[in-house]
Structure formats: C-alpha cells, structure tokens
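The values are calculated or read from the model by the stated rules, or taken from the named source; none is laboratory data. None of these values were measured; they are calculated from a predicted model. Cβ sites come from the backbone with ideal geometry, for glycine too, and all protein chains shown count toward neighbours.
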Amino acid sequence: MTDELIKNGSHFRIVFDLMPIPVFILDSDLKVISANKQSLDFFRPNGGFVQRCLCGEMLNCLNALKSEKKCGKTKFCPDCVLNNAIKESIAGKKVFRQKYDMLLKLNGSIQPVTFLVTASPFQDNGSNYSLIALEDITELTELRDIIPMCSACKKIRDDEGLWENVETYMKRYTNLDFSHGICPDCAKRLYPDVDIYEDTE
C-alpha cells in the first residue's frame with residue numbers, strides 16, 4: 001500500500017467495500033452517511049445509495065415503508081434493535097451486539113431475516129456516529145430449529161437429551177392431540193392375510 005493511498009484515506013474505502021457483510025455508518029438521527037458494497041448488493045440491488053437516507057429506507061424495513069411516519073418515529077421504533085443499538089452505542093461509548101428479527105422487502109417480496117447486529121460508536125469532528133455491521137444469521141437460526149429424530153424408531157430427542165415418542169413431544173410443544181389408525185402400506189406389511197383396505201387400483 002502506497003503512502004499516498006494511506007494519506008488520502010482511499011484505503012479505508014477499499015477495506016470497507018471488501019467486508020463480506022453489510023456495513024454502514026449512521027449518524028445519531030439514523031441517517032446513513034456511508035454504506036459498503038455488500039450493503040448495496042443486499043438491500044439495494046436495483047438502486048444505488050442515497051446519501052443521508054434514513055436507516056429504514058436503506059434496509060427496506062417493512063415497518064418504515066408501511067408507516068406514514070419516518071424511520072425512528074414509527075410505533076415500532078422503540079423496540080427496534082437497530083434504533084436502540086445506535087442510541088446505546090453512542091450514549092455508552094461501547095460496542096452493542098444483539099440478534100434481531102426483521103421483516104424486509106427484498107427483491108420485490110417480504111422476507112423475514114435474522115441479523116446479528118453490531119453497533120460500534122465513534123466520533124468525527126465533534127459529531128457522533130455508529131458503524132453498523134449486519135450479519136445475516138437466518139439460515140443458522142433455522143438450522144437450530146431442526147428437531148433431531150431417530151431414523152429407526154422415529155423418537156425425538158428433546159433439549160435435555162431424552163428420547164420420547166412423537167406424540168408426547170408434539171403434545172408438549174404444540175398442544176396437539178393425536179388419533180391413531182394404520183396406513184395401507186403398514187396394514188399389508190403387518191396383516192398380510194387380512195384385507196383391511198380395499199384395493200382401489
């Protein structure tokens with residue numbers, strides 16, 4: 001890296017754009033000062049960056065898009081982790097990190113997305129800013145929700161490592177009741193001499 005590149009600060013832009021996750025800089029009014037290439041690819045694939053647009057507009061936040069009020073002023077904003085991350089990181093001068101589920105309008109459709117939000121405060125020329133990094137952990141979150149099932153007997157392993165039958169597990173977690181019958185394939189296998197089901201073929 002040349003001294004000239006370091007002096008004029010362009011190396012920061014290069015590093016910013018090379019980051020593999022959406023990263024952007026917000027001021028204390030939730031306005032986007034700068035966004036990296038990954039942010040634009042993820043949130044604005046059909047349109048470029050609009051200088052000083054509000055965070056909700058940049059992310060295509062469904063709450064911000066549907067509300068008559070602007071991002072930071074809607075009824076949903078007090079619970080918004082991004083909103084709180086920026087305020088807390090700037091006020092406490094410390095890094096804020098939290099998981100956050102959002103509904104976003106991406107590629108013309110509404111999609112639930114889970115982010116790990118990191119907000120890091122900094123000052124420049126007496127003004128407060130926050131560097132926001134959004135790691136998309138939607139797939140990881142969904143994988144955690146997979147239920148481990150025995151491939152032989154079909155019992156389910158619970159959070160404590162105990163194996164129980166499907167009916168017991170489902171009753172506990174979904175409040176469903178089950179009735180029992182027997183499918184044609186099992187009837188033929190278990191009772192080959194009894195014609196439980198008529199052949200409809």
So which pairs qualify, if the first residue must be in the stretch 7-22 and at pLDDT 85 or above, the second must be among the charged types (D, E, K, R), the Cβ gap must be under 6 Å, and the two must be at least 6 apart or on different chains?
17/37; 21/135
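The rows are residues; the columns are (1) among the hydroxyl-bearing types (Ser, Thr, Tyr); (2) outside the structural domain of residue 27 (by TED's automatic domain parsing); (3) modelled with pLDDT of 85 or more.
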| position | (1), (2), (3) |
| --- | --- |
| 91 | no, no, no |
| 95 | no, no, no |
| 101 | no, no, yes |
| 116 | no, no, yes |
| 155 | no, yes, yes |
| 159 | no, yes, no |
Yes/no for residue 19 being in contact with a strand residue (DSSP E or B) (Cβ under 8 Å, 6 or more places away or on another chain) and surrounded by fewer than 17 Cβ atoms within 10 Å (Cβ to Cβ):
yes
Tell me, which helices (runs of 4 or more DSSP H) lie completely within the stretch 53-172 with 1 or more residues that are among the small types (Gly, Ala, Ser) and surrounded by fewer than 16 Cβ atoms within 10 Å (Cβ to Cβ)?
81-92
Does residue 26 satisfy the criteria of being touching a helix residue (DSSP H, G or I) at 6+ places or on another chain (Cβ under 7 Å), within 25 Å of residue 127 (Cα to Cα) and either outside any loop (DSSP other than H, G, I, E, B) or not hydrophobic (A, V, I, L, M, F, W, C) (or both)?
yes
Go through the stretch 32-52 residue by residue and tally those that are outside any loop (DSSP other than H, G, I, E, B) and surrounded by fewer than 18 Cβ atoms within 10 Å (Cβ to Cβ).
5
